[in-house]
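Since every read-out is calculated from the coordinates, none of them should be taken as a lab result. Given the structure is predicted, the values throughout are model-derived calculations rather than measurements. With ideal geometry, Cβ positions are generated from the backbone for all residues, glycine too; neighbour counts draw on all protein chains shown.
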Amino acid sequence: MSGTLNIGRLFGIRLKIHFSWVFIFALVAGTLAISYLPTAYSGWPTPQYWITGIIASALLFACVLAHELSHSLEAMRRGRKVTSITLFFLGGVSQIEEESRSAGEEFWVSVVGPLASLVLAGLFLLLFLNFRGGNSSITALTQYLAIVNLAIGIFNLTPAFPLDGGRVLKAAVWKLSGNEGRAVTISSVVGSGVGFAMIALGVFLLFSSNQYTGIWLVIIGWFIQSSAASVRKQRDSKTALSGRVVRDAMRGDVPTVEPGTSILDLLESRMATELELAYVVVLGDTLQGLITVTDVKRVPIEARRFTWVSQAMTPASKVATLPPDAPLEEGLGILANRRIGQLVVMEDDKPVGLLTRAGVVRVMEVSNILPHESRNSETIDE
Ligand SMILES: [Zn+2]
């Protein structure tokens, strides 16, 4: 997600906040201070409504974070890598690398989130029952957090991919049919259905008295629908790429340049005639870096004569590389996640190829018109 701010690390996971979160934080605090709290608890001085509203909003996001953390920690416990958790206006997302290897793993990683929310709801309910009749701010806070966590837990159990409940549904279909591809199809189609139903209900409410709920239903329904659709699209490209390795899509005639070449030289005597977008920088057989059109563009025109490729390139330590027998899916994942145009294919510490987006797309296009074998029917179960 772009437009995010790093706020720190927890258990080795980067915590990020998307700018839309600030909007929702203010909205929750404001709604509580102006509407919910004055209705439920009359007679407080105005600052108390605001302070309670802001604390409630902060605690709510701590609860959302706890929900996401439970997903992440369960995934890490099962040996998967979690890079970050991002809070945004509809809650949180955990960036978990690699897919679940079994239906059981998918089930547990998905279900712990709603369980965490329900446990939190129970805890706040106990606190509420304990503090009721005492300090009215604490009573209001615990009551509100019990209700909201209950709602988060139940909402996330809706069997609509990509919500947790949709993943639980996927795990169930996967377990029963032994076919992950089919499980993705069924759960994402159900997800789209639920998404469209929410949009329809939201539009209906827009024309009735409950416009506020209507707008939210349309936004959430649209989010669910489009996420479910993109999961299906991703599944299709995965199917097209399954069984393929980087070698199938890479180009072996790697254009190379030496680090001591000047940028002007590279531009005038190489790029201008060869029309290449990227050059692998080598000294003998050793990878030194990668220089692309974008890097060249960044060097001011007047400095090009006296700037060397080694000064403008991405150094080898930061160049994305893969061995030729790595799955092509992994290559596509790196290109997409790091938003780069190409990666260097390395074998025995030597650059042997260049994998570009165009190369991956070519393999995908051809695979899509090939007769469909059941290539995605491998089953791994516990
Ligand atoms: Zn969740």
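What ranking do Met198, Met346 get, fewest neighbouring Cβ atoms within 10 angstrom at the top? Can you show the working numbers first?
Values: Met198 22, Met346 17.
Arranged by neighbour count, lowest to highest, Met198, Met346 become Met346, Met198.
Any idea what the dipole of the chain comes to, in debye rounded to 20, about its Cα centre with Lys/Arg Cβ at +1 and Asp/Glu Cβ at -1?
Details: 32 positive and 31 negative charges, 205 e Å.
For the chain, the charge dipole is close to 980 debye.
Lysine pairs in the chain with alpha-carbon atoms under 19 Å apart, 8 or more places apart or on different chains: how many are there? Walk me through the numbers on the way to the answer.
Working: Lys16/Lys81; Lys170/Lys233; Lys170/Lys238; Lys318/Lys350.
Summing the qualifying lysine pairs gives 4.
Which residue fluctuates most in the GNM of the chain (Cα springs below 10 Å): Ala160, Ala240, Ala303?
With Cα springs under 10 Å in the chain, the top fluctuation among Ala160, Ala240, Ala303 is at Ala303.
Rank the residues Ser35, Ser317 as a footprinting-exposure proxy: fewest other Cβ atoms within 10 Å of their Cβ go first.
On the way: Ser35 12, Ser317 7.
Neighbour counts put them in this order, fewest first: Ser317, Ser35.
Could you calculate the FRET efficiency of Arg232 with Glu302 from 1/(1 + (r/R0)^6), where r is the beta carbon distance between them and R0 is 51 Å, rounded to 0.05? Mind showing how you got there, number by number?
Working: r = 51 Å, r/R0 = 1.00.
Rounded to the nearest 0.05, the efficiency is 0.50.
How do Glu365, Glu330, Glu105 rank when sorted from fewest to most other Cβ atoms within 10 Å of their own Cβ? Please list the in-between numbers first.
On the way: Glu365 10, Glu330 15, Glu105 19.
Least crowded to most crowded, the residues run Glu365, Glu330, Glu105.
Note the angle between two axes, namely the Cα long axis of helix 19-31 and the longest principal axis of the Cα atoms of the chain, as a number of degrees from 0 to 90, rounded to the nearest 10.
Result, in degrees: 10.
Using Cα pairs closer than 8 Å and at least 6 residues apart in sequence, work out the relative contact order for the chain, in percent. Could the numbers behind the result be given before it?
Details: 614 pairs, mean separation 45.2, N = 382.
In percent, rounded to a whole number, it is 12.
So which trypsin sites (Lys or Arg not before Pro) in region 1-105 end up in coil per DSSP with only 15 or fewer other C-beta atoms within 10 Å?
Working: sites: Arg9, Arg14, Lys16, Arg77, Arg78, Arg80, Lys81, Arg101; in loops: Arg78, Arg80, Lys81, Arg101.
Answer by residue number: Arg78, Lys81, Arg101.
With angles folded into 0 to 90 degrees, how steeply does helix 328-337 sit against the dominant principal axis of the chain? Use alpha carbons for both and round to 10.
Rounded to the nearest ten degrees, it is 70.
So what is the 222 nm mean residue ellipticity for the chain from helices alone, if each DSSP H run of at least 4 adds -39500 (n - 2.57) and you divide by all residues, rounding to the nearest 500 deg cm²/dmol? Show your work: numbers first, answer last.
On the way: 13 runs with 208 residues, N = 382.
That comes out to -18000 deg cm²/dmol.
Suppose R0 equals 22 Å; then what is the FRET efficiency for Val189 and Ile154 from their Cβ-Cβ distance, rounded to the nearest 0.05?
On the way: r = 22 Å, r/R0 = 1.01.
It comes to 0.50.
Return one number: the angle in degrees, 0 to 90 and rounded to the nearest 10, between the long axis of the Cα atoms of helix 357-369 and the longest principal axis of the Cα atoms of the chain.
The two axes meet at around 80 degrees.
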